[in-house]
Structures are given as C-alpha cells and as structure tokens.
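J.: Here it is, the structure in full.
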Amino acid sequence: MLISSLVAFLLSFFVLGLGKTSSAQNESVLAIDPLQTPYPYYFPPIENVETPGLFPMPSCGSITLEEATIDQLQGYMSDRSLTSVQLLNCYMKRIRQVDEYINSIIELNPNALDIATALDAERAAGRVRGPLHGIPFIVKDNIATKDQMETTAGSWMLLGSVVPRDAHVVAKLRQAGALLMGKATLSEWADMRSNNYSEGYSPRGGQARSPYNLTLNPGGSSSGSAAAVAANLVSFALGTETDGSVINPAERNALVGIKPTVGLTSRAGVIPESIHQDTVGTFGKTVRDAAYAFDAIYGIDMRDNYTLAQEGKTPSGGYLQYLTDKSALANATFGIPWDSFWVYADPEQQSILLSIISFVEEAGATVLNNTELPNYETIVSPDGWNWDYGTTRGYPNESEYTVVKVDFYNNIKAYLSELENTNIHSLEDIVAYNYANDGTEGGNPWPLGIPAFYSGQDGFLASLESKGEMNETYYQALEFCQRSTREEGIDAALANNGRPLDALLVPPDVGQTYQIAAQAGYPMITLPAGVHSETGMPFGLALMGTAWSEASLLKWASAIEDLQFRSGTQYKRTLPRWYGYLERNIPVRNL
C-alpha cells in the first residue's frame, strides 16, 4: 500500500510541475538514462557508510530543510520563500530517499496535497491559524483518522474498517492548521499482543528501524513516529504510550519526547490498551517543536471522561509560555534517584549524563543525589523493565500487568463496537484471526508462527483468560500500583523530606524509569543526550514530575536543551549514522 500510494502521490506532483529533477542534474526526464549523477541523493554512496552523509538531505529550493525547526519553516512560509505544497513535496522526496530502509511510514495521506493547497490559500488570504499552519505531521497507526487512510494498529484484520470520527487529537491538529501527511508504523497493537517480540514490527507495516542503527530495537511501540522525525521525514509526530511507548522510542532516536499526564490528552479514537495508563504524546527534534504539537492537542474531551480531571490544572494561555533558556536553571533544584534508577544505566551513559548534569550545576542549578523513591526496593525491578514485576515477586495483586490485561479486554471491545465494515468485534475475534492467519500474523509461538512474534500472542491470551473481570485482585493491583508510584513513590521523592525538588533527572534508557511513571500516570520529558560509542544508538536524559506538572517540566527541559546547545557540548541531538543500513534482521536485537 505504501509504495502504490507513494507513486500516485509523486505523480501528482510531477503533473503539477513540482517534482522536477534537481538543478544538479539538468537532464530531461524523457531522455534515455535520465539520471547521470545518482549520488548522493538518489542512492546512498557506499563510501559514506556509517556517517550522516550516507543519506544527505537535499535542499528544498533555497531552503535547508534538514533539522529545520517549526519556527524556521513558518518564517520561510511567512516571507513566501516556501509554501506548504513545496514543503510537502520536499518531505515526500525525503521519504522516497530513505524510507525503504527505515520503514517508518505505513501509509501516505492521499488528501495531503489538497490539504496543503487549501492551507496555502488560507495563508495567502491572510489567515494563519497558528504555529503549525501548513506543517506536515504523521500519527501512529493506532490513532483514528476519518479520511481515506486506514486505522489498523498494524494488523491486517482491521484493514477496511471504518472509524466513526477523527481521534480528538487529530481533530485538534487539523483545526490548528497542521498538515496530516500519513501514518506511522508501530509495534502491532502497541505491544499488547506478545511479551517476546520484535519491537517496531507489525504484519501490515513490517519492521520499523531506527536510522541510527537499523539492526537494533528502534524503541516501541511508537517506533515509526520517532524514526520518521529522527530521519527528517517530517517535522513532528504523535505517538501513544501505555508504558514507555513515547519515551523509549524518543530517546532511542535522539528526539524530544513529551509523555503527558494520563487525562491531559484525550484517548478518544485511539485503539486502547489500558484506560488507566494510555496517553497521547508528541515527538520533535527540539523541545519547542514537540511542545507546539503538545500545546495543540491537550484539553478536555467529553468522549474521554479522564480529561475532565485537568479542569483547573492547566495554565491559562497554554504551555508554550513556559519555554525558557539556560538562565532559568539558576533557580532550579533537581534530584538524582541514584539507587532507584541510575545504578542500572551502563557506565558510558552514566559518564555522559553526569557530564550534562555538571553543566546544569555550573549554570546555577542545585542537584541533589540519592533523592530516592522511598519504596524503590519493592517496586523497581532490578532486572530491567518488567510490567509483571508484582507477579515475579509472587504478588499478582501488586502487578501492573494484572490491571492492563483486564483493561485491554474491556477497552478494546468498547473501541471495536464503534467501527463499521468489520467482523472484528472482540478480543476473541482478534485471537481467532491470528490463529487463522498464522503465517502472516504469527498467532502461534515460533517456530509455528513467525520470528517477529516469538511468543505468538501470549499477551492477548493472558487478557482473554482474564475475561475482563475486575475482581478483588484487579482492584488491589490498581490501588497498589498507583499508590506505590504516586504518593509513596515519585511524589515522596520530589518532596525530598522537606526540601522540595523541581523534577527528578533520570536515565530513560533504564526502562524502569518510564515504567514507574506509567503506573503513576505521571508525565515525563526526554531530551537527546548522547550515543553509545559501540552501537551508535542514542540515549536520553529525562525529567520526571508529578501529575499535571507539564508546565514545570517544559520549563526545565527547554532550559537544559538551551544549555546543551550554547555550551558547545557534543552531548545533544546528532544526526543518524545509519549503521547496518542494508541489514534486514528480524527480530531486531534488543541492545
């Protein structure tokens, strides 16, 4: 579907005369062998392997599009040196250049050109809706769009199903003038279906890959959303998180990822996992870019009653007003929960992240070590991310997974009940489809199924076994997970025995960090920090806060980012080096 829609899309540009060969070519498209100089933009020059020069980004007319911020793009469109149609065309050429390698886009929007044209007409008439007017974006393929695109969570079984309406977050971005360019690949069903799988893989979308290292886990489940922004295929993207699916792909693709408090962004129209932990977040190359998208999508939605809780807890005038510079750090006090989280980071990460924190201290901030979650020895898994850690300890009534597998059974049934033109109405139907299509959907564990889903659909089977029964064990687990990660966990660490902290600084490559925040339903923001010297894979520095603290987290995140760029340090976002660009291993390695 991607290739056919891409060809049709590009042909439409050629018809309009917007898809001409570059000025460096000067050959006729009607000539025999029209492309005489194929390097570097049309085929990756092998001599540039393992450098950013393997896939250099062509200019967009006179504009340098690579790493261009939303503010820069708006400036170009305001002074008429760029239109939304031209910007869309340039991003489409970038997709043609690199996406066969990283597979970040599952589908392109056939209406994108018409939308861009209409938005340009609005701008010409003097109407600019805001900072996102005419800016292309993509959404994860579990976020509904009421247009000609599919919403499938990466599964063939929902192909052709019809959603009742745009997801609330999509509707808000359309109202803000953003240009929906397409949908992103993902881990199928947002990682719910299997507990041993290839992160970023879905049968319909294939294997998403990080442009930093195509052989390793790209971060999931919003894998394609992050990879596309990281590779400069699009300005920003939406993802969803139940437990790590925004923060993890953001930090593994050298991006800013904003994971909001549960209830700050509506889940209406999003294929669900757990009503208690699902949230919609944003990806950008800078804090401001990710914040522009976040500022456009938060808000109350009567179709998601969890959003009613934000009443009186959000700032008048939005969140962008809180973005600042490094001077703000002089008034900051941060905590490092070393034994809770940092001890699990590898030595290279620890060294680089502590170097950044030294810059933060030199800018005037106070950074206190050993500001631990008081109960970390009970709730933080010493063996890495484990959403069934309660059961591992012998207490399923203290396990996040006990809650999620029950929630999924009920939440997915409610979502499916609103779909038209499909025979998939329940988890039972989903499981049966996977068994009936084992060769593509991997219903059975490997080697009967497919290697991408080594454990088959054991996550679905665990949910199916629960029958969605919210029994005493379920309610005990919900209460324990929320209490132990909120008032007895993150909030207690922030209170710091009477010396309050503005935020906790944590290494998000340690999966236990975002797992604790996920159980609490609390926000996190991750910043690009560095790359592993051996693998080329990025990692981040994250800020963790209490419920509804996004304004504060954005303030401090933007201040630290400004410090990174002004200090001249190498420990910030850098361009991908495309390690293993020709390898197609499945499953990807989880390093």
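The values are calculated or read from the model by the stated rules, or taken from the named source; none is laboratory data. Worth saying up front: this structure is predicted, and the values here are computed from it rather than measured. Cβ atoms come from the backbone with ideal geometry, glycine included; neighbour counts cover every protein chain shown. To get the accessible areas, we keep the full protein, side chains included, count just its heavy atoms, and leave off ligands, DNA and RNA. Shrake-Rupley method; radii C 1.70, N 1.55, O 1.52, S 1.80 Å.
J.: Compute the FRET efficiency between Glu361 and Asn585 as 1/(1 + (r/R0)^6), taking r as their Cβ-Cβ distance and R0 = 45 Å, and round to the nearest 0.05. Walk me through the intermediate numbers first.
T.: Values: r = 42 Å, r/R0 = 0.93.
Using R0 = 45 Å, I get an efficiency of 0.60.
J.: Going toward the positive end of the dipole of segment 388-479, with +1 on Lys and Arg Cβ and -1 on Asp and Glu Cβ, which of Val406, Pro396, Ala436 do you reach last?
T.: Value: Ala436.
J.: If a/c stays under 1.5 just call it rounded; otherwise compare a/b with b/c (prolate if a/b is bigger, oblate if not). Do that for segment 388-479, with a ≥ b ≥ c from the square roots of the Cα gyration tensor eigenvalues. Spell out each step's value before the answer.
T.: Details: a/c = 3.33, a/b = 1.33, b/c = 2.51.
Oblate is the answer for segment 388-479, as a/c is 1.5 or above yet b/c matches or exceeds a/b.
J.: Could you rank the peptides 301-312, 344-355 by their average count of other C-beta atoms within 10 Å per residue, with the highest value first? Could the numbers behind the result be given before it?
T.: Values: 301-312: 14.6, 344-355: 16.2.
Going from most to least packed, we get 344-355, 301-312.
J.: Here's another thing I want to ask about it. Residue by residue through segment 28-39, which ³J(HN,Hα) values in whole Hz follow from phi under the Karplus form 6.51 cos²θ - 1.76 cosθ + 1.60 (θ = phi - 60°), with glycine and proline marked x?
T.: After applying 6.51 cos²θ - 1.76 cosθ + 1.60, I find 7, 5, 8, 6, 6, 6, x, 9, 8, 10, x, 9 Hz.
J.: Roughly how many debye, to the nearest 20, is the charge dipole of segment 253-310 about its Cα centre, given +1 on each Lys and Arg Cβ, -1 on each Asp and Glu Cβ, and no other charges? Show your work: numbers first, answer last.
T.: Values: 5 positive and 6 negative charges, 29 e Å.
That gives a dipole near 140 debye.
J.: Please list 3J(HN,Hα) in residue order for segment 166-180, calculated via the Karplus relation 6.51 cos²θ - 1.76 cosθ + 1.60 where θ = phi - 60°; whole Hz, with x for glycine and proline.
T.: 4, 4, 4, 5, 5, 4, 5, 5, 4, 4, 7, x, 6, 9, 6
J.: Please find the FRET efficiency linking Phe43 to Lys467, where r is the Cβ-Cβ separation and R0 is fixed at 41 Å, and quote it to the nearest 0.05.
T.: Values: r = 54 Å, r/R0 = 1.31.
According to the calculation, E is roughly 0.15.
J.: Charges at C-beta only: +1 for Lys and Arg, -1 for Asp and Glu. How large is the resulting dipole of segment 388-479 about its Cα centre, in Debye rounded to 20?
T.: Working: 4 positive and 15 negative charges, 32 e Å.
About 160 debye.
J.: Gap in Å between the Cα centre of segment 329-373 and the Cα centre of segment 421-462?
T.: Between the Cα centre of segment 421-462 and that of segment 329-373, the gap is 43 Å.
J.: Oh, and also: Near the amide H of Ile63, under 5 Å away, which other amide H atoms are found, from residues 5 or more places off or on another chain, if H is placed in the peptide plane?
T.: none
J.: OK, next. Work out the length of the dipole vector of the chain about its Cα centre, built from +1 on the beta-carbon of each Lys and Arg and -1 on the beta-carbon of each Asp and Glu, and round it to the nearest 20 debye.
T.: The calculated dipole for the chain is roughly 1540 debye.
J.: Amide H to amide H, which residues 5 or more places from Ile105 or on other chains are under 5 Å from it, using H placed in the peptide plane?
T.: Thr185
J.: Moving on to the next point. Per the 1.4 Å probe, what fraction of the accessible area of the chain, in percent, lies on carbon and sulfur atoms? Before the final figure, lay out the partial values.
T.: Working: 11210 of 21670 Å².
C and S atoms contribute 52 percent here.
J.: Quick check: the distance between the Cα centres of segment 127-141 and segment 303-327, to the nearest angstrom?
T.: 20
J.: Between Asn369 and Arg303, 0.36 nm times their residue separation minus their Cα-Cα distance comes to what?
T.: On the way: separation 66, 0.36 × 66 = 23.76 nm, distance 4.26 nm.
Between Asn369 and Arg303, full extension yields 19.5 nm more.
J.: Sticking with this structure for a sec: Roll a 1.4 Å probe over the protein chains and send me the accessible area per residue for the chain in Å².
T.: Numbers: 21670 Å² over 591 residues.
Per residue, the chain has an accessible area of 37 Å².
J.: Please state the shape class of segment 435-591: rounded when a/c is under 1.5, otherwise prolate if a/b exceeds b/c and oblate if not, all from the C-alpha gyration tensor.
T.: Values: a/c = 3.44, a/b = 1.19, b/c = 2.89.
Judged from the Cα gyration tensor, segment 435-591 comes out oblate (a/c at least 1.5, b/c at or above a/b).
J.: Another question about this same structure. Rounded to a whole number of µm²/s, how large is the Stokes-Einstein D of the chain at 4 °C and 1.567 mPa s, given Rh as the Kirkwood radius over C-alpha pairs? Don't skip to the answer; put the middle values down first.
T.: Values: Rh = 24.0 Å.
This corresponds to a translational diffusion coefficient of 54 µm²/s.
J.: Using the Karplus equation 6.51 cos²θ - 1.76 cosθ + 1.60 (θ = phi - 60°), what ³J(HN,Hα) coupling, rounded to whole Hz, does each residue of segment 143-159 give in order, writing x for Gly and Pro?
T.: 10, 5, 10, 8, 8, 7, 8, 7, 10, 10, 6, x, 9, 5, 5, 9, 4
J.: Hey, what did the chain get for relative contact order, percent, Cα under 8 Å, at least 6 apart? Provide the component values of the computation, followed by the final result.
T.: On the way: 1338 pairs, mean separation 99.6, N = 591.
The normalised contact order for the chain reaches 17 percent.
J.: Among Gly205, Val262, Ala228, flag the residue with its Cα farthest along the positive direction of the charge dipole of the chain, charges on Cβ as +1 for Lys/Arg and -1 for Asp/Glu.
T.: My answer, from the dipole projection, is Ala228.
J.: What is segment 239-387 by shape, rounded, prolate or oblate, if you read a ≥ b ≥ c off the alpha carbon gyration tensor as root eigenvalues and call it rounded for a/c under 1.5, prolate for a/b larger than b/c, and oblate otherwise? Write down the numbers at each step before the final one.
T.: Values: a/c = 1.86, a/b = 1.31, b/c = 1.41.
Since a/c reaches 1.5 but b/c is at least a/b, the shape of segment 239-387 is classed as oblate.
J.: Something else about it: Largest first and in whole Å, what are the equivalent-ellipsoid semi-axes of segment 291-350 based on the Cα gyration tensor, each being the root of 5 times an eigenvalue? List each step's numbers first, then the result.
T.: Numbers: eigenvalues 205, 75, 29 Å².
In descending order the semi-axes read 32, 19, 12 Å.
J.: Suppose R0 equals 51 Å. What FRET efficiency, 1/(1 + (r/R0)^6) with r the Cβ-Cβ distance, do Ala31 and Lys413 give to the nearest 0.05?
T.: The calculated FRET efficiency here is 0.30.
J.: Amide H neighbours of Leu179 under 5 Å, counting only residues 5+ apart in sequence or on other chains, H built in-plane at 1.01 Å?
T.: Gly134, Ile135, Phe137
J.: On to the next question. Quickly rank 270-282, 484-496, 563-575 as a protection proxy: mean count of other C-beta atoms within 10 Å, highest first. Before the final figure, lay out the partial values.
T.: Details: 270-282: 26.0, 484-496: 19.6, 563-575: 16.2.
So the peptides 270-282, 484-496, 563-575, ranked by packing, come out 270-282, 484-496, 563-575.
J.: Something else: Going toward the positive end of the dipole of segment 301-340, with +1 on Lys and Arg Cβ and -1 on Asp and Glu Cβ, which of Asn331, Gly318, Tyr306 do you reach last?
T.: So the residue furthest toward the plus end is Asn331.
J.: Separate question: Which order do the peptides 545-554, 470-479 come out in when sorted by mean C-beta neighbours inside 10 angstrom, highest first?
T.: Numbers: 545-554: 21.5, 470-479: 16.0.
Top of the packing list down: 545-554, 470-479.
J.: Considering only DSSP states other than H, G, I, E and B, which GluC sites (Glu not before Pro) in segment 381-430 qualify as loop sites with at most 16 other Cβ atoms within 10 Å? Could the numbers behind the result be given before it?
T.: Values: sites: Glu398, Glu400, Glu418, Glu420, Glu428; in loops: Glu418.
Those that pass, being in a loop and sparsely packed, are Glu418.
J.: Rounded to the nearest 500 deg cm²/dmol, what is the calculated helix-only ellipticity per residue at 222 nm for the chain, with -39500 (n - 2.57) per DSSP H run of length n ≥ 4? Walk me through the intermediate numbers first.
T.: Values: 19 runs with 199 residues, N = 591.
Using -39500 (n - 2.57) per qualifying helix, the result is -10000 deg cm²/dmol.
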